[in-house]
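Nothing in this text is a laboratory measurement; each read-out follows from the coordinates by a stated rule. Keep in mind that what you see is a predicted model, and the values were worked out from it rather than measured. Cβ sites come from the backbone with ideal geometry, for glycine too, and all protein chains shown count toward neighbours.
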Amino acid sequence: MFLLVWCKGTNKWLKSQISYHICLHSEKNLLPLHNISTTMNTIFIVLPILVLLMFDLGLTLRPADFRLLVERPKAVLVGLAGQIILLPLIGLAIGYGFQLEAVFFLGVMLIACSPGGSSSNVFSMLAGGDVALSVSLTMLSSIITLFTGPLVMSYATSLVGESQSITLPIGNLLIQNIVLMLVPILIGLALAMWREQLAHKMHGVLKKLAFPALILLASVFFIQNRETIVREFPQLGLAMTVLILLAMGGGVLLSWMMRLSGREQRTIIIEIGMQNAAQAISIASSPFVFANDVMAIPAIVYALMMNVILLSYVGIIKTVKDRS
């Protein structure tokens, strides 16, 4: 019943927001057919995929994931510090160091203030990390960054947005985060607690759909922006590579300083180095927030480089283990 009410309420909100934005831009004759197509792709592809991923995340959560913060606070707080504090600082350094255009700078910052990606749990398992810690960090960062992300992006936008006529409707971003991310997580969590078998079956289906959905998401943006992506890839590809490597290096340093175990260290490295690119894409392209699909390009490039680098890291770990 609650799910039905939420779906109806969300649908009503989306319709009102779409109507408002289309009417606003139509009156100013500023909405060409390309922008209408981009908006519809965001509404019918990007945002539903984000909701699907968040709901699936909720299905995997258990009360024990929350208790880990109390039982092993040091490892959890180190991971959260790396994601919520260190990553945005690295993002700022990358933006200024590579002298990125304002729209790409904000795209990088969107990645830097996004939570850990759900696939980090799989990578942590493959690397022989602490899977329970990985799940807890993904869950906690997904909730915390719903509120810290808008603050970071508000500051980032104030640095470059005024000169580029880029504004952040922070209220819209908070509402979108709550409606399209927090609520699906809570619904999934409630279902997992009260209908565990059903939740397990649904997760079995959704986890098979997650990767194809992400490929669809990336394909849509590549087709729409292929010329810009190809032109900017040398700079953005290098910038994203440095961002990931610095984040992983930060994970190594934080773990060493706090004397975490090898399993915890590997998990922290992966969690800080693997962010939720889908969330960054949804915020950049959302007609309710930035409505700028070019801003999503860094996240597309990041997703590619992230998988290459993290797969290489896992491969190195497994090779070292086999030899020892």
#### Entry: Cα-centre dipole for segment 2-323 with unit charges at Cβ (Lys and Arg positive, Asp and Glu negative), debye to 20
800
### Message
Restricting to Cα pairs below 8 Å that are 6+ residues apart, what does the relative contact order work out to for segment 2-323? Please round to a whole percent.
### Response
31
#### Entry: Extended-chain gain in nm, criterion 0.36 nm per residue less alpha-carbon gap, residue 196 and residue 143
16.9 nm
### Message
Test of understanding: ordering 196, 271 by Cβ neighbours within 10 Å, fewest first, what list do you get?
### Response
196, 271
### Approximate shape of segment 2-323 as ellipsoid semi-axes (Cα gyration tensor, √5λ), whole Å, largest first
31, 25, 17
### Message
With just the Cα atoms defining each centre, how far is segment 281-315 from segment 53-88? Give it in Å.
### Response
21
### Task
Compute the length gained on full extension between residue 77 and residue 227: take 0.36 nm times their separation in residues and subtract their Cα-Cα distance, giving the result in nm to one decimal.
49.9 nm
#### Entry: 158, 124 arranged by Cβ crowding within 10 Å, fewest neighbours leading
158, 124
### Message
To check my understanding: the extent here is largest minus smallest coordinate of the Cα atoms along each principal axis. What are those three numbers for segment 183-261, in Å, largest first?
### Response
48, 45, 21
### Task
Treating only the Cβ atoms of Lys and Arg (+1) and Asp and Glu (-1) as charged, compute the dipole magnitude of segment 189-324 about its Cα centre; round to the nearest 20 debye.
540
### Task
State the percent of C-alpha pairs, over all pairs in segment 126-199, separated by a distance greater than 20 angstrom.
51
### Query
What is the calculated FRET efficiency for residue 318 to residue 175, with r their C-beta to C-beta distance and R₀ = 41 Å, to the nearest 0.05?
0.40
#### Entry: Cα→Cβ-extended label distance, 7 Å offset, between residue 257 and residue 64, nm
3.1
### Query
Taking 0.36 nm per residue of separation and subtracting the Cα-Cα distance, what length does fully extending residue 93 through residue 219 add?
42.5 nm
### FRET efficiency for residue 167 and residue 311, using Cβ-Cβ distance with R0 set to 56 Å, rounded to 0.05
0.90
